[in-house]
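**Q** I am attaching a structure below and will ask some questions about it afterwards.
The values are calculated or read from the model by the stated rules, or taken from the named source; none is laboratory data. Given the structure is predicted, the values throughout are model-derived calculations rather than measurements. Here Cβ is always computed from backbone atoms with ideal geometry, including for glycine, and neighbour counts include all displayed protein chains. Quick note on the areas: whole protein, heavy atoms, side chains included, nothing else; ligands and nucleic acids left out. Shrake-Rupley method; radii C 1.70, N 1.55, O 1.52, S 1.80 Å.
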Amino acid sequence: MITLGQIFKTLPEATRFEPGIRRAPKRDFTLTEEETELAIKNALRYIPKKWHDVMAEEFLEELLTRGKIYGYRFKPKERIYGRPIDDYPGNTIEGQAFQVMIDNNLDNNIALYPYELVTYGETGSVFQNWMQYHITKKYLQEMNDEQTLVLLSGHPLGLFKSDPKSPRVILTNGLMVGAFDDLKNFNRASSLGVANYGQMTAGGWMYIGPQGIVHGTYSTLLNAGRMKLGIPEEKDLAGKLFVSSGLGGMSGAQGKAIEIAGGVGIIAEVDPSRIKTRDEQGWVSFVTDKAKDAFQKAYESMNNNDAMAIAYQGNIVDLLEYAIENNIHIDLLSDQTSCHAVYDGGYCPVDISFEERTHLLQTNINTFKTLVDKTLKRHFEAIKKLVKNGTYFFDYGNSFMKAIYDAGVQEICKNGENDLDGFIWPSYVEDIMGPVLFDYGYGPFRWVCLSGKPSDLDKTDQAAMACIDPERRFQDRDNYHWIRDAKTNKLVVGTLARILYQDAYGRLKIALKFNEMVRNKEIGPVMLGRDHHDTGGTDSPFRETSNIKDGSNIMADMATQVALGNAARGMSLVTLHNGGGVGIGKVINGGYGMVLDGSYEKDDILKTAMLHDVMTGVSRRAWARNSHAIETSASYNQMDNNSWITLPEITDEEMIKNLVKKHYQKGGK
Ligand SMILES: NC(=O)c1ccc[n+]([C@@H]2O[C@H](COP(=O)([O-])OP(=O)(O)OC[C@H]3O[C@@H](n4cnc5c(N)ncnc54)[C@H](O)[C@@H]3O)[C@@H](O)[C@H]2O)c1
């Protein structure tokens with residue numbers, strides 16, 4: 001029996017907020033008087049009755065000042081970080097492993113707003129409040145291997161009987177009934193304490209710091225260069241300039257990625273604290289608040305073919321307008337501000353400072369929104385001019401073009417009217433990652449060495465490298481170089497983790513090798529997982545499935561199937577979310593975690609689940625007639641894997657065109 005009274009034995013001291021730790025802005029608060037009562041009652045469900053008087057008042061205060069109830073008082077006073085697995089109590093290795101992952105997501109040095117349980121992406125949260133954190137941890141400690149912990153939007157519903165081959169945790173975040181699946185209803189539900197914005201790996205417990213995204217950004221930039229700047233497959237981006245914005249949770253990867261890809265990058269960032277973090281990390285190597293100096297430094301490095309990441313402290317719109325006024329050529333251009341939460345502080349208006357932005361956000365949301373819209377329009381005009389002069393612009397999956405459309409710019413739409421046919425510029429998945437990586441099954445496979453020993457990470461790096469044949473495809477060569485240089489590139493932030501893009505069999509081979517190494521006691525236990533931003537993990541017409549052209553890009557069957565199938569096959573942790581990187585109602589995404597304990601039972605699960613996880617995505621892409629996915633699925637069908645993928649018949653385009661044309665010429669409807 002696990003009661004709330006056992007978990008919350010004494011009322012913790014009120015929290016003293018440490019200066020210098022970023023705090024989330026006040027969230028949208030529109031609850032009526034009755035709804036406010038409901039929100040307080042909802043939060044008090046977690047609190048032993050004897051403290052209701054004091055906590056009711058405190059929760060009301062949090063609602064009114066922060067827009068949500070976080071239960072600040074219950075944030076542990078000691079430092080939270082992903083400790084070695086043996087430091088955590090538990091009856092199962094999975095229960096211990098998940099505690100490492102949760103604590104890593106909430107580490108002050110990793111989380112964007114640790115007090116508000118936000119890991120990254122402005123609103124991506126591990127739990128809704130600190131009470132959920134404690135109850136979940138207790139359940140993870142008590143859980144046995146015939147139980148599964150179920151979480152609904154961060155709320156630990158309870159431990160349910162299952163069996164050793166079942167997942168130990170199944171969790172969902174922000175899944176809403178269709179008619180209510182919009183931001184307004186989500187924000188209301190979030191203020192009421194019944195909806196969590198899990199982003200992808202924040203609420204899915206698999207965040208590994210910005211390293212997770214450096215690899216994807218590196219691959220995107222390299223392949224953008226190959227496809228749009230005519231760089232040969234074996235060459236890098238030496239002498240080329242990439243400009244973008246954002247040095248936050250994920251966007252912070254941009255500087256490091258361009259450097260690894262051999263090019264020069266200038267990244268605009270309005271928040272000095274984020275620049276400081278990246279500077280201290282060594283992920284940018286020159287900081288300036290003058291556009292002139294930024295471009296001068298960039299061109300010096302390009303002329304010497306030196307790789308370099310420059311942080312421009314200021315608004316991206318100012319930087320781009322400077323480039324236009326001074327006829328400066330930019331090769332590759334993108335944006336990684338948090339446009340999925342554009343009016344929640346994710347995008348900073350131009351001509352005001354970062355402090356003024358924060359103040360305005362708290363005090364005058366309508367003026368703030370007007371300024372955001374004006375800035376988005378200016379941003380659009382600047383990009384238009386640069387593109388006309390030969391710059392390749394791509395949307396970085398942050399709903400940037402959607403935000404411009406929502407700001408009132410219809411010209412951004414392909415059909416000049418609405419977003420139904422997409423936008424005038426490609427998204428990075430549509431043009432690059434989709435056809436070059438996802439359609440083959442390459443995606444963001446990752447692992448965490450749970451022992452916390454650096455030697456384990458070194459050994460897994462070496463073992464993974466030995467599993468890759470760099471001669472097979474150029475993607476394999478890129479991945480081989482990535483893992484070969486990973487240690488030198490000092491990518492680890494937080495737990496000892498590594499990301500490595502791999503296809504279905506590549507992931508399986510490495511996973512089985514690691515489990516064997518655990519079995520032979522060469523390394524301690526390992527947690528495998530992936531970002532949801534993958535071949536099959538995410539359905540989103542605004543990003544991951546933007547290169548699906550058979551009309552099914554608005555369906556969420558694939559991501560749901562992947563999650564269900566992974567649960568059926570026994571992945572340790574199975575997750576399914578609404579929201580992710582592009583916003584509520586615009587995506588369904590899921591992920592997994594798999595704890596390797598060296599057992600043969602885990603080998604059996606890996607052999608079915610790892611292939612299913614990737615190939616469900618590839619086969620759906622093949623059914624949508626994507627040529628690389630058809631190729632990959634056809635060769636999968638030739639292998640000895642007891643599976644069979646349905647392949648599409650390809651139609652004669654002309655025949656269909658003529659047939660339909662004739663019908664319409666006859667006046668058909
Ligand atoms: N990196 C990836 O591979 C990837 C993939 C998909 C989506 N995304 C999306 O990218 C966005 C950013 O993610 P994040 O985790 O870095 O979010 P974040 O909120 O941590 O960082 C965004 C940064 O942009 C800065 N910013 C806002 N407006 C600005 C402006 N006008 N000029 C200059 N800087 C400005 C903010 O200060 C902030 O530091 C999200 O929408 C996310 O979903 C990233």
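**Q** Can you name the condition, by its number, that D53 falls short on among (1) within 30 Å of S451 (Cβ to Cβ); (2) open to solvent by 20 Å² or more (accessible area, probe 1.4 Å); (3) at pLDDT 95 or above?
**A** With (1) within 30 Å of S451 (Cβ to Cβ); (2) open to solvent by 20 Å² or more (accessible area, probe 1.4 Å); (3) at pLDDT 95 or above applied to D53, the lone miss is (1).
**Q** Give me the pairs: first residue in region 1-13 and closer than 14 Å to L159 by Cβ and open to solvent by 40 Å² or more (accessible area, probe 1.4 Å), second residue polar (S, T, N, Q) and modelled with pLDDT of 95 or more, beta-carbon distance under 7 Å, and six or more apart or on different chains, which are they?
**A** Hits for this filter: zero, empty list.
**Q** Right, here's the next one. Hey, T30 hits all of (1) polar (S, T, N, Q); (2) within 29 Å of the chain's Cα centre (by Cα); (3) part of a helix (DSSP H, G or I) but one; which does it fall short on?
**A** Answer for T30: the failing condition is (3).
**Q** In region 423-430, is there at least one residue being within 30 Å of Q96 (Cα to Cα) and acidic (D, E)?
**A** no
**Q** A follow-up question, please. Which pairs have Cβ atoms under 6 Å, sit 6 or more apart or on different chains, and link a residue in region 313-339 that is open to solvent by less than 10 Å² (accessible area, probe 1.4 Å) to one that is at pLDDT 95 or above and within 7 Å of the ligand (Cβ to nearest atom)?
**A** From region 313-339, the pairs are I316/S245; I316/A268; V317/V350; V317/T375; L319/A268; D335/S245; C339/Y347.
**Q** Name the pairs: first residue in region 581-609 and within 18 Å of T460 (Cβ to Cβ) and away from the ligand (no atom under 16 Å from the Cβ), second residue open to solvent by 10 Å² or more (accessible area, probe 1.4 Å) and charged (D, E, K, R), Cβ to Cβ under 7 Å, at least 6 apart or on different chains?
**A** V595/E94; L596/K602; G598/R519
**Q** Residues to consider are L360, L376; find the one that is part of a helix (DSSP H, G or I), within 24 Å of the chain's Cα centre (by Cα) and not aromatic (F, W, Y).
**A** L376
**Q** Is it fair to say V243 is open to solvent by less than 10 Å² (accessible area, probe 1.4 Å), at pLDDT 95 or above and within 30 Å of R477 (Cα to Cα)?
**A** In short, yes.
**Q** I need the full set of residues from region 75-87 which are surrounded by fewer than 21 Cβ atoms within 10 Å (Cβ to Cβ) and either within 20 Å of M594 (Cβ to Cβ) or not basic (K, R) (or both), in order please.
**A** Residues satisfying the conditions are P76, E78, I80, Y81, P84, D86, D87.
**Q** Any residue at all in region 447-466 that's within 16 Å of the ligand (Cβ to nearest atom), touching a residue at least 60 places away in the same chain (Cβ under 8 Å) and either open to solvent by less than 30 Å² (accessible area, probe 1.4 Å) or assigned to a strand (DSSP E or B) (or both)?
**A** For region 447-466, residues within 16 Å of the ligand (Cβ to nearest atom), touching a residue at least 60 places away in the same chain (Cβ under 8 Å) and either open to solvent by less than 30 Å² (accessible area, probe 1.4 Å) or assigned to a strand (DSSP E or B) (or both): absent.
**Q** Could you tell me which of the residues G408, G390, G434, G397 is assigned to a loop (DSSP other than H, G, I, E, B), open to solvent by less than 10 Å² (accessible area, probe 1.4 Å), in contact (Cβ under 8 Å) with a residue 24 or more places away in the chain and not aromatic (F, W, Y)?
**A** G397
**Q** While we're on this one: When region 272-297 is examined, which residues are found to be open to solvent by 10 Å² or more (accessible area, probe 1.4 Å) and in contact (Cβ under 8 Å) with a residue 40 or more places away in the chain?
**A** P272, S273, Q281, G282
**Q** When L31 is evaluated against the numbered criteria (1) over 17 Å from H134 (Cα atoms); (2) touching a Phe, Trp or Tyr at 6+ places or on another chain (Cβ under 9 Å), which criterion, by number, is the only one it fails?
**A** For L31, the exception is condition (2).
**Q** Any idea how many residues of region 471-494 are within 24 Å of L606 (Cα to Cα), open to solvent by 10 Å² or more (accessible area, probe 1.4 Å) and either polar (S, T, N, Q) or not in a helix (DSSP H, G or I) (or both)?
**A** So the count comes out to 1.
**Q** Take the conditions aliphatic (A, V, I, L, M), at pLDDT 95 or above, under 19 Å from A341 (Cα atoms) and within 16 Å of the ligand (Cβ to nearest atom) and apply them to M200. Does it pass?
**A** yes
**Q** Here's another thing I want to ask about it. Out of the residues in region 629-669 meeting the condition of being more than 13 Å from M615 (Cα to Cα) and touching a Lys or Arg at 6+ places or on another chain (Cβ under 7 Å), tell me which one is most open to solvent (accessible area, probe 1.4 Å).
**A** In this case the residue turns out to be I650.
**Q** Okay, moving on. Just to be sure I understand, how many residues within region 415-436 are under 22 Å from the mean Cα position of the chain (by Cα) and of a type in the set (D, E, K, R)?
**A** 2
**Q** Give the number of residues within region 114-154 that are at pLDDT below 95 and either touching a strand residue (DSSP E or B) at 6+ places or on another chain (Cβ under 6 Å) or hydrophobic (A, V, I, L, M, F, W, C) (or both).
**A** 0
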